[in-house]
Amino acid sequence: MKYLHTMVRVSDLDASLDFYCNKLGLRELSRRDSEQGRFTLVFLAAEGDENAQIELTWNWDPEAYGEGRNFGHLAYRVDNIYDLCASLQSKGVTINRPPRDGRMAFIRSPDNISIELLQAGDPLPAQEPWLSMPNTGKW
């Protein structure tokens, strides 16, 4: 068996692409529009890790999606959790679970998909402002 992708439904394709590509740093690998099915599929991946893909599914007819917590979360290993969280925060992304331990943080997409960020290797030494930052919302 080989992992192919994780599919998440999105309600606003432009907002989702802005989040996943412009803010989180993933890149678009491919896109397919289905006139008959009335949907668009966009496949994304982190640079150099094209085998771990996210499939964004955008149904053209408006539909409200609940927060199916049974989905869990997406997880990405990052080179420097503090630098990435600072960059995300500067772009307006809420850090729901700050990286107080230098190892793990959580953010959420525009469609409330939880995304776990994990420090590569050993945790970084604890530092402010992350050390004393409280959790925000759900993660």
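The values are calculated or read from the model by the stated rules, or taken from the named source; none is laboratory data. Quick caveat: nothing in here was measured; it's all calculated off a predicted structure. When we count neighbours, we look across all protein chains shown, and the Cβ atoms used for this are built from the backbone with ideal geometry, even at glycine. The accessibility values were calculated without ligands, DNA or RNA, using every heavy atom of the protein model including side chains. Shrake-Rupley method; radii C 1.70, N 1.55, O 1.52, S 1.80 Å.
Miscellaneous remarks
- Over the stretch 76-139, volume per residue of the alpha carbon convex hull, in Å³: 71 Å³
- By the rule of a C-alpha distance below 30 Å, with chain neighbours fewer than 8 residues away ignored, the lysines paired with K138 are K23, K91.
- Taking all protein chains into account, the per residue accessible area for the stretch 23-139 stands at 56 Å² (1.4 Å probe).
- With 0.36 nm allotted per residue and the present C-alpha distance subtracted, the S87-R31 stretch has 17.5 nm of extension available.
- In the chain the Cα-Cα distances spread across 5 Å bins starting at 0 as 2, 9, 18, 22, 20, 14, 8, 4, 2, 1, 0 percent of all pairs.
- Residue-averaged 222 nm ellipticity for the chain, from DSSP H runs of 4+ at -39500 (n - 2.57), nearest 500: -3000 deg cm²/dmol
- Virtual spin-label span in nm between S11 and E128, 7 Å along Cα→Cβ: 3.8 nm
- The distance separating the Cα centre of the stretch 81-137 from that of the stretch 1-78 comes to 21 Å.
- Degrees separating the helix 81-90 axis from the principal Cα axis of the chain, which is the longest one: 60 degrees
- A simple charge model with +1 on the Cβ of Lys and Arg, -1 on the Cβ of Asp and Glu and nothing else charged puts the dipole of the stretch 1-123 at about 300 debye relative to its Cα centre.
- Segment D79..R103, full-extension length gain: 7.6 nm, with 0.36 nm per residue of separation and the alpha-carbon distance subtracted.
- If you run the Gaussian network model on the chain, springs between alpha carbon atoms under 10 Å, then out of Y65, Y82, Y20 the most flexible one is Y65.
- Mean shadow area of the stretch 1-54 over all directions, Cα convex hull, nm²: 4.3 nm²
- Other residues with beta-carbon under 12 Å from the beta-carbon of A52 carry, at +1 per Lys or Arg and -1 per Asp or Glu, a net charge of -2.
- Near A120, once Lys and Arg are set to +1 and Asp and Glu to -1 for all other residues with Cβ below 11 Å from its Cβ, the sum equals 0.
- Counting only DSSP beta bridges with both residues in the stretch 76-139, the antiparallel share comes to about 65 percent.
- Other residues with beta-carbon under 14 Å from the beta-carbon of N135 carry, at +1 per Lys or Arg and -1 per Asp or Glu, a net charge of +2.
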